[in-house]
Amino acid sequence: IRTRKGSLMAGPDRSQSRSREAREAWLSTIIEAVPALLWAFAADGRWSWASPQWVSYTGLDPAEDRRRGWLEAVHPEDRETALAASVPAVASGRAAHIRMLEARTGSYRWFKIMGSALPVPDPDNTDAPAWLVTATDVDDLQNLRNEQRRLLAELQHRVRNNLANIRSIVRRTGETSASVTDFAGHLEGRLDALGRIQTYVARSPAGDVALVEIVAEEILAGALREGENVHIDGPSIRLPARIAEPLALAIHELTQNAIKYGPLMTPDGSVRVTWRLDDRDGTRWLDFEWAETGLRDPLPETIRDGFGFELLKRTLGYQIDAHTTIRLDRHKMECEISIPLGKA
């Protein structure tokens, strides 16, 4: 209200007209609406107050949580961190992450806690200051960060493995190629096969690949189709990247040999690709078989020293503990690859 002289006179403060009970009810409503757990310590370190959210989440009785009883809700490994973040002289507004037990589910969730650097009135003793601590649920964010770190570590591991694979492919292709043209052709095909399997792995949220997709992709990449001298049969199974990548290169080599030397060069030839799962001595195994029939001429001895045979006989064993058996005669070739997948 302005006076005749233009000075400003404060009107009646409505909040002052509220009763003490009304103000307390108003503040209680605000506190209960805050999406965080709140508690306070007296200056002597005594745990003096907790919000309704704390009681609902932890299931602990505030009357029994004096001193350090409140730590029962904190994961044993995080209790020292929780104490440090709750001591005014140490906390000073610094944040810490701890796990707290949810009474309803019996599981721990991550919280970000912070001790207030400013004293607030102690509800039990207005003459002594209290220090407020807030705890905000960040479990979903923490899990996302952990998953991000895991994926980054996995990506780094896969990049190292792929670089090692590329070095091996280039070296062995060069050693077994008769000319630059031969080298370029084989190298391009092998790098393409590596790229195809990486595409499948990247598309999968779990980083695994269906075995039938690996086989079909390499068959199609060789301009072949199932039903035209090629038969594919096996149960549905998805393989982790560490197994799928070297196996895809092996299937690529088998496909290329079948096209260049094997039965796919003759009208009566055929390729049968099958696999099955078996449990042996508590371990689950994948038994993969590539069988070629109708060979017109014996396979040349030179392919026994090539990149493909080295990959099948030695590299698979080194990378994924596979056991490979190759049988050759005048009219057929069989390759059996047994791969351990883990505990049955």
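The values are calculated or read from the model by the stated rules, or taken from the named source; none is laboratory data. Note that the coordinates shown come from a computational prediction; the quantities given were computed from them, not determined experimentally. Because the Cβ atoms are built from the backbone with ideal geometry, glycine has one as well, and the counts that use them run over all protein chains shown. Please note that ligands, DNA and RNA were not included when accessible areas were found on the heavy atoms of the full protein model with its side chains. Shrake-Rupley method; radii C 1.70, N 1.55, O 1.52, S 1.80 Å.
Could you tell me which residue of region 77-92 is nearest to Ala50 (Cα to Cα), considering only residues that are loosely packed, with under 14 Cβ neighbours inside 10 Å and at pLDDT 80 or above?
Taking the candidates together, the pick is Glu80.
Restricting attention to region 93-108, does a residue exist that is out of contact with any strand residue (DSSP E or B) (no Cβ under 7 Å at 6 or more places or on another chain), charged (D, E, K, R) and at pLDDT 85 or above?
yes
Would you be able to say whether some residue in region 188-195 is modelled with pLDDT of 85 or more, open to solvent by 30 Å² or more (accessible area, probe 1.4 Å) and more than 13 Å from Asn162 (Cα to Cα)?
yes
Applying the selection to region 268-285, what residues are modelled with pLDDT of 90 or more and open to solvent by 80 Å² or more (accessible area, probe 1.4 Å)?
Once the filter is applied, which keeps residues that are modelled with pLDDT of 90 or more and open to solvent by 80 Å² or more (accessible area, probe 1.4 Å), region 268-285 yields Arg272, Arg276, Asp279, Arg284.
Take region 326-344 and flag every residue that is aliphatic (A, V, I, L, M) and in contact (Cβ under 8 Å) with a residue 40 or more places away in the chain.
Result: Met333, Ile337, Ile339, Leu341, Ala344.
Scanning for something modelled with pLDDT of 90 or more, over 30 Å from Gln319 (Cα atoms), of a type in the set (Phe, Trp, Tyr) and assigned to a strand (DSSP E or B), does region 109-126 turn up at least one residue?
yes
I want to confirm something. Restricting to region 227-246 and keeping residues that are of a type in the set (D, E, K, R), outside any helix (DSSP H, G or I) and within 32 Å of the chain's Cα centre (by Cα), which single residue is surrounded by the fewest Cβ atoms within 10 Å (Cβ to Cβ)? First the steps, then the outcome.
Filtering region 227-246 down to residues of a type in the set (D, E, K, R) leaves 228, 233, 238, 242, 245.
Among the residues that remain, those that are also outside any helix (DSSP H, G or I) are: 228, 233, 238.
Narrowing further to those that are within 32 Å of the chain's Cα centre (by Cα): 233, 238.
Details: Asp233: 11, Arg238: 14.
Selected residue: Asp233.
Would you confirm whether or not region 23-43 contains a residue that is open to solvent by 60 Å² or more (accessible area, probe 1.4 Å), within 34 Å of the chain's Cα centre (by Cα) and modelled with pLDDT of 85 or more?
To start, the set of residues in region 23-43 that are open to solvent by 60 Å² or more (accessible area, probe 1.4 Å) comprises 23-24, 26-27, 29-30, 32-33, 35, 43.
Checking which are within 34 Å of the chain's Cα centre (by Cα) leaves us with 35.
Then drop every residue that is not modelled with pLDDT of 85 or more, which leaves none.
No, region 23-43 contains no residue that is open to solvent by 60 Å² or more (accessible area, probe 1.4 Å), within 34 Å of the chain's Cα centre (by Cα) and modelled with pLDDT of 85 or more.
Of the numbered conditions (1) at pLDDT 85 or above; (2) under 20 Å from Glu217 (Cβ atoms), Asn257 fails exactly one; give the number of that condition.
Only one criterion in (1) at pLDDT 85 or above; (2) under 20 Å from Glu217 (Cβ atoms) is unmet by Asn257, namely (1).
Picking from Ala206, Ala202, which residue would you name as being over 30 Å from Asp268 (Cα atoms), in contact (Cβ under 8 Å) with a residue 24 or more places away in the chain and open to solvent by 60 Å² or more (accessible area, probe 1.4 Å)? It would help to see each step written out before you state the result.
Details: Ala202 fails: in contact (Cβ under 8 Å) with a residue 24 or more places away in the chain.
The match here is Ala206.
Give me the residue from region 135-173 that is open to solvent by less than 60 Å² (accessible area, probe 1.4 Å) and free of Cβ contacts under 8 Å to residues at least 12 places away in the same chain and, out of that set, nearest to Pro246 (Cα to Cα).
Ala164
Please work out which residue is most open to solvent (accessible area, probe 1.4 Å), limiting yourself to region 308-344 and to residues that are outside any strand (DSSP E or B) and hydroxyl-bearing (Ser, Thr, Tyr). Steps first, answer last, please.
The initial filter retains those residues of region 308-344 that are outside any strand (DSSP E or B), namely 308-322, 329-331, 344.
Retained after the next criterion (residues that are hydroxyl-bearing (Ser, Thr, Tyr)): 315, 318.
On the way: Thr315: 32, Tyr318: 192 Å².
Looking at the filtered set, the residue picked out is Tyr318.
Which ones in region 178-199 are free of Cβ contacts under 8 Å to residues at least 12 places away in the same chain and either of a type in the set (Gly, Ala, Ser) or closer than 13 Å to Glu245 by Cβ (or both)?
Selection gives Ala178, Ser179, Ala184, Gly185, Gly195, Thr199.
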